[in-house]
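K.L.:
My questions will all concern the structure given below.
The values are calculated or read from the model by the stated rules, or taken from the named source; none is laboratory data. For clarity, every value in this text was computed on a predicted model and none was experimentally measured. Cβ placement follows ideal geometry from the backbone for every residue including glycine, while neighbour counts extend to all protein chains displayed. Remember, those area values only see protein heavy atoms, side chains included, never the ligands or the DNA or RNA. Shrake-Rupley method; radii C 1.70, N 1.55, O 1.52, S 1.80 Å.
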Amino acid sequence: RVSAPAHLCVLDCNCSICRMVPYLHLIVPPAQFELEQGENDLTTYTFNTHVAQQYFCAVCGVKSFYVPRSHPDCISVNARCLDAGTVTGMTVEPFDDAKREAEEAAKAG
């Protein structure tokens, strides 16, 4: 469950993972997010810096939320997973995380 306005402002990230899956980031503080059920069915994936905690349903494989590297003190909810009828509209803003990834790779040599 997430508390959010009916018209959302979401981020469309182009990082190495987000560009492969249809994930639209609705970033909220933890107080606005509640996992009501299914905690035992979650599996976690991390990579690179291991800051981002990618939570996937071990039953169906969907990533409906996670702790993002860009906002480690928040929860990113996949706006595409919200119940139909709860969202009246979305403003989608690009989020260029691929640039940051390339800069990190260049620094690493």
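K.L.:
Can you run down the residue pairs with Cβ atoms below 9 Å, 6 or more apart or on separate chains, where the first is in the stretch 83-98 and touching a residue at least 40 places away in the same chain (Cβ under 8 Å) and the partner is open to solvent by 80 Å² or more (accessible area, probe 1.4 Å) and not in a loop (DSSP other than H, G, I, E, B)?
P.N.:
Listed pairs, sorted by first residue: V87/H7; T88/H7; G89/H7; M90/H7; T91/H7; A98/R19.
K.L.:
Please work out which residue is surrounded by the fewest Cβ atoms within 10 Å (Cβ to Cβ), limiting yourself to the stretch 27-49 and to residues that are hydroxyl-bearing (S, T, Y) and not in a strand (DSSP E or B).
P.N.:
Only one residue fits best here, namely T49.
K.L.:
Would you mind telling me which numbered condition in (1) in contact with a strand residue (DSSP E or B) (Cβ under 8 Å, 6 or more places away or on another chain); (2) open to solvent by less than 70 Å² (accessible area, probe 1.4 Å) V92 fails?
P.N.:
It fails just one condition, (2).
K.L.:
Residue check, P68 against (1) in contact with a His (Cβ under 8 Å, 6 or more places away or on another chain); (2) at pLDDT 95 or above, all met but one. Which one?
P.N.:
For P68, the failing item is (2).
K.L.:
I would also like to ask the following. What is the number of the single condition among (1) open to solvent by 70 Å² or more (accessible area, probe 1.4 Å); (2) under 15 Å from K63 (Cα atoms); (3) assigned to a loop (DSSP other than H, G, I, E, B); (4) in contact (Cβ under 8 Å) with a residue 12 or more places away in the chain that Y23 does not meet?
P.N.:
(1)
K.L.:
Out of the residues in the stretch 57-89 that are of a type in the set (G, A, S) and part of a loop (DSSP other than H, G, I, E, B), which is farthest from S16 (Cα to Cα)?
P.N.:
G85
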